[in-house]
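As structure tokens, the structure follows; a few thoughts come after it.
The values are calculated or read from the model by the stated rules, or taken from the named source; none is laboratory data. In this text, all values refer to a predicted model and were calculated from it rather than measured experimentally. Note: ideal-geometry Cβ built from the backbone for every residue, glycine included; neighbour counts use all protein chains shown.
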Amino acid sequence: MTNEDSRSAAPGLVSRVYDLVTRHWPLLAFLSSALMLAIAHAFESFGGLAPCHLCLKQREVYWVAGTVGLIAFGLQRTPLWPRLRLPANLLLGAIFLYGAGLATYHAGAEWKWWPGPSSCSGLGSAAASNLEAMLKGTAKIKPPACDKAPWVFLGLSMAGWNVLISLKLAVWSVLAALRKSDVSA
């Protein structure tokens, strides 16, 4: 394959990926939401990172988006889909955009750009080892603080990465909504 052949093949590949993603967006939105929830659960279960209040709120966004994506995926197989495609995908876009805003708020609290909510002012973290002391009344478990990033990769915390991922999912939702309608969806 020559250099000229590879340049002409690239637009075809981009077009095919765009077509595939936008055509099957409700299913991909559901799968993306499920993957984000699984990753968050893995950080909690295997990484020992207890979620703060804002972390849990960000997970709720993916539960809602996943539910909407699954319902829309089911509706794709009905005669109603041509009329519901635009509002369903725009709804997914709005949900993901809300998630990006929530994650931005969380990341800003971590960077000390603004204060986090008062429900996030924990000064420690809850651990199973504290359960006995708590039951005896000798210890209080404090939730993790929202203004401290327990994990940073390439300069971004989990909330920062969530901003980027949520924005990407919102953009794909809008692209799917604006996709030219076709009969063979």
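Before moving on, here are some points about what is shown:
- Taking the conditions (1) within 23 Å of Lys180 (Cα to Cα); (2) of a type in the set (Gly, Ala, Ser); (3) modelled with pLDDT under 90 in turn, Ala88 satisfies each one other than (3).
- Across segment 1-29, the qualifying residues are those that are over 24 Å from the mean Cα position of the chain (by Cα) and among the small types (Gly, Ala, Ser), and the one among them that is modelled with the lowest pLDDT is Ser6.
- Total residues in segment 113-123 satisfying the condition of being surrounded by fewer than 16 Cβ atoms within 10 Å (Cβ to Cβ) and assigned to a helix (DSSP H, G or I): the figure is 2.
- Near pairs, Cβ below 8 angstrom, 6+ apart or cross-chain, from segment 35-58 (modelled with pLDDT of 90 or more) to any residue that is among the β-branched types (Val, Ile, Thr) and part of a helix (DSSP H, G or I): Met36/Ile165
- Residues of segment 55-91 that are over 20 Å from Leu31 (Cα atoms) and either of a type in the set (D, E, K, R) or within 13 Å of the chain's Cα centre (by Cα) (or both): Arg83 alone.
- Every residue from segment 135-167 that is among the β-branched types (Val, Ile, Thr), at pLDDT below 70 and either within 21 Å of the chain's Cα centre (by Cα) or surrounded by 20 or more Cβ atoms within 10 Å (Cβ to Cβ) (or both): Val152
- Out of Leu31, Leu86, sole residue that is within 14 Å of Ser173 (Cβ to Cβ) and without any contact (Cβ under 8 Å) to a residue 40 or more places away in the chain: Leu31
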